[in-house]
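The next block holds one structure in the form of structure tokens; read it before the comments.
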Number of protein chains: 2
Amino acid sequence: MALADIRSGVRNEKGIAGVLPLLAARFGERFQTGEAIRSQHAHTTTYIPAQLPDGVVFVGSAEDVQAVVALCADHAVPVIPFGTGSSLEGQVNAPNGGISIDFSNMKRVLEVNAEDLDCTVEPGITREELNTYLRDTGLFFPIDPGANASIGGMASTRASGTNAVRYGTMKDNVLAVTAVTATGEEIRTAHRARKSSAGYDLTRLFVGAEGTLGVLTSVTLRLQGIPAVIAGGICGFPTLKDACNAVIMTIQLGIPVARIELLNALQVQACNAYSGLTLPEQPTLFVEFHGNEESVRLQSEEFGTIAAECGGGAFVWSADAAERGKLWKARHNVYWSCKALRPGYAALSTDVCVPISRLADCVAETERDIEEHGLLAPIVGHAGDGNFHTCVVFDDKDPAEVAKVEAFVGRLNARALAMDGTCTGEHGIGQGKQAFLPKELGGSLTLMRQIKQALDPHNIMNPGKIFSTP
Amino acid sequence: MALADIRSGVRNEKGIAGVLPLLAARFGERFQTGEAIRSQHAHTTTYIPAQLPDGVVFVGSAEDVQAVVALCADHAVPVIPFGTGSSLEGQVNAPNGGISIDFSNMKRVLEVNAEDLDCTVEPGITREELNTYLRDTGLFFPIDPGANASIGGMASTRASGTNAVRYGTMKDNVLAVTAVTATGEEIRTAHRARKSSAGYDLTRLFVGAEGTLGVLTSVTLRLQGIPAVIAGGICGFPTLKDACNAVIMTIQLGIPVARIELLNALQVQACNAYSGLTLPEQPTLFVEFHGNEESVRLQSEEFGTIAAECGGGAFVWSADAAERGKLWKARHNVYWSCKALRPGYAALSTDVCVPISRLADCVAETERDIEEHGLLAPIVGHAGDGNFHTCVVFDDKDPAEVAKVEAFVGRLNARALAMDGTCTGEHGIGQGKQAFLPKELGGSLTLMRQIKQALDPHNIMNPGKIFSTP
């Protein structure tokens with residue numbers, strides 16, 4: 001098979017046929033080719049059709065990863081890292097076939113340096129597992145994308161979520177990674193110092209690379225002290241724009257809010273139905289503050305004043321963990337609450353992010369767009385970052401409906417770009433957003449392709465993601 | 001001239017001879033080849049001997065930069081960006097000759113988006129000029145490396161400095177850049193959204209690339225609200241280790257200190273002499289808090305308790321701007337205060353950074369090393385980041401003394417690496433630290449070279465920095 005063909009994304013049948021028996025010999029029961037398992041590894045919470053890998057290796061160590069990559073590199077066969085499959089843009093699909101590397105048996109905490117507020121973990125551990133492990137140390141890992149995603153997956157999509165407004169994204173919270181590159185070699189991008197100017201920032205290059213430059217084998221993370229007091233609450237607003245304005249003022253005044261999530265009326269309705277809440281069905285902010293008794297009180301008073309100025313209702317707040325837990329669980333389940341609005345249909349989560357000053361306009365125009373075109377699409381957002389999602393629930397078997405949804409997504413992303421924003425705040429490009437990347441970054445895409453070609457000349461590292469052909 | 005020769009760093013005499021008249025024709029008076037000006041553009045605050053460029057273009061726009069790069073690319077002639085020349089590792093030297101691109105006429109503030117807490121500037125503006133410009137907006141740009149460096153230079157070395165403990169480094173505060181790449185094309189790495197997962201993080205790739213991948217033409221920065229109250233103070237300690245322990249506890253307890261700088265007794269002595277202070281000559285912390293009346297009071301009380309627990313003397317603090325200004329001016333002048341200890345001698349500033357838990361050990365061992373080997377080297381550090389500098393003042397004409405200094409630097413960097421740290425927290429690799437990069441990052445260096453070769457195949461973008469040959 002010619003290199004050009006491999007590059008252009010054709011299945012390398014001969015290579016795949018060659019590598020399967022070698023993987024079976026090397027990994028035994030830990031290598032699986034049954035269709036159910038392969039299906040499961042292409043299945044994601046996404047509208048994108050599944051593309052199955054040819055086999056799945058359940059790796060247990062960095063050496064295993066090196067062995068898989070080395071064998072696949074010898075045969076020019078793709079490798080596709082798999083954490084929990086919660087990515088939203090087809091990142092675990094295998095468009096050219098190849099081998100899925102499953103990290104569910106590679107989730108050790110390799111070290112916790114409590115005094116340095118950092119830890120090093122294997123990529124397969126999920127954020128909830130990590131936080132359970134850390135509980136006794138008084139520390140926690142703050143990034144929370146909603147799904148109980150794996151740390152490796154979160155690093156690879158540059159995930160963020162509800163806490164990013166205070167603690168930053170994966171870009172800010174990964175100190176270093178080790179990764180197996182396309183040659184099968186394992187490299188380390190940095191050590192544990194809080195900062196370094198030692199050459200190119202390879203850590204940040206791997207964070208968000210979606211596995212297209214290498215397979216992560218460990219991730220070193222910054223941790224935070226568990227706040228003495230966590231308090232939160234909700235506040236309803238007459239209009240979406242009023243709610244956005246409250247968010248904008250909160251951010252502009254520098255109130256160190258830990259979470260500030262926006263739900264439109266339809267999203268509140270969906271949450272009420274799915275999670276058994278009884279919230280008034282109006283634009284609503286879910287807010288959380290972290291600190292001590294005094295600072296949390298101060299923050300919530302300041303926020304209450306802002307909310308009132310923006311026409312908000314009473315700010316109902318609570319430091320009770322159980323009550324808070326119920327609200328945030330409902331927030332985490334919005335994707336499922338949306339799907340439940342029209343059971344059996346597909347759901348597509350959009351992900352634009354705009355400068356905070358444009359948030360109110362962008363959300364309001366988008367809600368109007370949804371109404372005008374008769375779409376079913378609740379809105380929820382990490383409003384403090386200027387990032388919001390619409391969850392479009394639609395019949396993916398009906399070409400007319402699909403076309404309508406695609407047109408909507410095109411208008412939404414164009415709207416965000418026109419406001420100096422991005423088509424993806426935290427989900428990544430994967431397969432689903434490739435059409436928008438050149439519109440957003442133009443000539444920069446040439447550099448990305450040059451880097452991809454330099455580091456992975458045979459295009460075996462999660463091919464078909466970010467760019468369909470490098 | 002063969003490509004291999006250009007790559008290996010030989011002067012391309014024919015190319016240089018070819019490009020000089022073209023630059024003269026294009027830029028007239030704005031192109032200078034006099035020796036005084038060329039010398040000035042290779043002169044840096046460094047121990048590294050000057051290597052002069054063949055000419056200097058005073059660019060006024062991104063189009064000018066594109067024109068210089070396009071002409072130089074046609075002739076395979078190096079381009080070396082020049083901000084203020086305050087880099088410390090020979091970053092503005094021209095080892096293969098070539099054209100220095102001087103940004104002193106390219107320092108416009110292109111836009112300030114006060115409501116989004118960001119601004120976009122041309123690379124030549126210095127941090128002090130930017131903060132003067134911003135004053136009326138109530139915003140400021142916090143990164144402060146001491147020198148009044150240009151923003152382009154600060155981005156290119158991934159600079160940080162005294163405020164990084166609270167506000168992060170350039171990596172955290174650059175939202176996007178535009179850059180002219182080796183083909184003469186101008187690219188934009190991102191837009192103004194606070195976060196994005198749109199492909200590889202090219203912003204972070206250019207930040208810290210030392211001009212080796214492209215020439216910056218604009219930088220979009222995050223800004224901060226000017227704190228309502230800024231208060232600071234000093235505290236002396238019986239031993240360096242006690243002072244370090246106070247820093248470690250402050251960071252571990254999450255006190256949001258804005259600055260926490262460590263000076264050893266010799267450094268205090270040097271500051272007293274150079275800046276007319278009368279501080280007790282003992283290990284001392286300079287501390288600053290940002291917030292409102294209440295939060296600053298709380299922070300300083302908490303710090304006072306920690307300092308006392310660590311054996312510190314009275315914590316003398318002040319919210320008086322003039323008094324604070326005098327202290328911080330002395331802090332900013334430590335480089336010159338060290339040079340003044342032995343006028344006419346060379347000074348070399350080291351830059352290790354270690355995990356905070358190792359700071360006390362690393363500083364104490366280093367001070368002992370300095371004493372044992374009879375070196376003159378005050379210690380000052382951004383202790384809250386685990387980053388400290390020794391300023392070695394030595395006779396660079398005496399081979400024995402040079403050898404002694406080189407051996408010390410080797411031991412110091414090895415000590416930091418053994419503690420999971422880095423040889424450079426904020427100065428970059430440049431020419432001076434190249435020997436340590438492979439020791440620190442091993443196989444990662446291969447990836448850096450691959451990226452360099454992919455993006456700059458003729459090695460014309462600031463060649464000889466980070467790696468001597470790519």
Region A:391-414 residues that are among the hydrophobic types (A, V, I, L, M, F, W, C), paired with ones that are assigned to a strand (DSSP E or B) (beta carbon under 6 Å, 6 or more apart): A:CYS391/A:ALA347; A:CYS391/A:SER349; A:VAL392/A:LEU348; A:VAL393/A:ALA347; A:PHE394/A:ALA346; A:VAL405/A:VAL392; A:VAL405/A:PHE394
Qualifying position, being within 14 Å of chain A (Cβ to nearest Cβ) and touching a His at 6+ places or on another chain (Cβ under 9 Å), among B:GLY384, B:GLY430, B:GLY425: B:GLY425
Residues that are assigned to a loop (DSSP other than H, G, I, E, B) and in contact (Cβ under 8 Å) with a residue 40 or more places away in the chain, drawn from region A:422-448: A:CYS423, A:THR424, A:GLY425, A:GLU426, A:HIS427, A:GLY428, A:ILE429, A:GLY430, A:GLN431, A:GLY432, A:LYS433
Restricting region B:410-458 to residues that are among the polar types (S, T, N, Q) and closer than 10 Å to A:ALA198 by Cβ, the residue that is surrounded by the fewest Cβ atoms within 10 Å (Cβ to Cβ): B:SER444
Where a residue in region A:285-304 is among the polar types (S, T, N, Q) and its partner, wherever it lies, is not in a helix (DSSP H, G or I), with Cβ under 6 Å and at least six apart: A:ASN292/A:ALA228; A:ASN292/A:VAL229; A:GLN299/A:ILE255; A:GLN299/A:PHE289; A:SER300/A:PHE289; A:SER300/A:TRP317
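Among residues belonging to region A:155-177 that are in contact (Cβ under 8 Å) with a residue 40 or more places away in the chain and part of a loop (DSSP other than H, G, I, E, B), point out the one that is surrounded by the most Cβ atoms within 10 Å (Cβ to Cβ).
In this case the residue turns out to be A:ALA159.
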Within region B:302-335, tally of residues that are within 19 Å of the chain's Cα centre (by Cα) and over 17 Å from B:ASP144 (Cα atoms): 0
Test result for B:GLU372, at pLDDT 95 or above, in contact with a strand residue (DSSP E or B) (Cβ under 7 Å, 6 or more places away or on another chain) and of a type in the set (Asp, Glu): no
Residues being facing chain A (nearest Cβ under 7 Å) and touching a residue at least 24 places away in the same chain (Cβ under 8 Å) - total across region B:449-470: 3
Odd one out for B:ARG135, checked against (1) of a type in the set (Lys, Arg); (2) assigned to a helix (DSSP H, G or I); (3) within 11 Å of chain A (Cβ to nearest Cβ): (3)
Residues being outside any loop (DSSP other than H, G, I, E, B) and either over 20 Å from the mean Cα position of the chain (by Cα) or in the same structural domain as A:VAL19 (by TED's automatic domain parsing) (or both) - total across region A:449-470: 7
A:LYS339 surrounded by fewer than 24 Cβ atoms within 10 Å (Cβ to Cβ), modelled with pLDDT under 95 and either of a type in the set (Phe, Trp, Tyr) or farther than 25 Å from A:CYS271 by Cβ (or both): no
Within region B:343-369, considering residues that are among the aliphatic types (A, V, I, L, M) and outside any helix (DSSP H, G or I), the one nearest to the other protein chains (Cβ to nearest Cβ): B:VAL354
All strands (runs of 3 or more DSSP E) inside region B:21-113 with 3 or more residues being crowded, with 16+ Cβ neighbours inside 10 Å: B:55-58, B:79-82, B:99-102
Residue among B:GLU401, B:GLU426, B:GLU406 that is in contact with a helix residue (DSSP H, G or I) (Cβ under 8 Å, 6 or more places away or on another chain) and not aromatic (Phe, Trp, Tyr): B:GLU426
Yes/no for B:THR120 being part of a strand (DSSP E or B) and among the β-branched types (Val, Ile, Thr): yes
Output for region A:198-212, where each listed residue is closer than 23 Å to A:GLY464 by Cβ and among the small types (Gly, Ala, Ser): A:GLY208, A:ALA209, A:GLY211
Residue pairs meeting the criteria (Cβ under 7 Å; at least 6 apart or on separate chains; first under 15 Å from A:ASN105 (Cα atoms), in region A:28-44; second among the polar types (S, T, N, Q) and not in a helix (DSSP H, G or I)): A:HIS41/A:SER100
The lone exception for B:ARG192 - which of (1) assigned to a loop (DSSP other than H, G, I, E, B); (2) under 18 Å from the mean Cα position of the chain (by Cα); (3) within 22 Å of A:GLY386 (Cβ to Cβ); (4) not hydrophobic (A, V, I, L, M, F, W, C) it fails: (2)
Residue identified as assigned to a loop (DSSP other than H, G, I, E, B), at the interface with chain A (Cβ under 9 Å from one of its Cβ atoms), more than 17 Å from the chain's Cα centre (by Cα) and not hydrophobic (A, V, I, L, M, F, W, C) among B:GLY184, B:GLY208, B:GLY199: B:GLY199
Subset of region B:218-228 that is more than 13 Å from chain A (Cβ to nearest Cβ) and not small (Gly, Ala, Ser) - its residue that is nearest to B:TYR133 (Cα to Cα): B:LEU221
Residue match in region B:407-428 (condition: among the basic types (Lys, Arg), at pLDDT 95 or above and under 21 Å from B:THR169 (Cβ atoms)): no
The one condition in (1) within 9 Å of chain A (Cβ to nearest Cβ); (2) more than 12 Å from the chain's Cα centre (by Cα) that B:VAL121 fails to fulfil: (1)
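The values are calculated or read from the model by the stated rules, or taken from the named source; none is laboratory data. All of these numbers come straight from a predicted model, not from anything done at the bench. For neighbour counting, all protein chains shown are included, and Cβ atoms are generated from backbone atoms with ideal geometry for every residue, glycine included.
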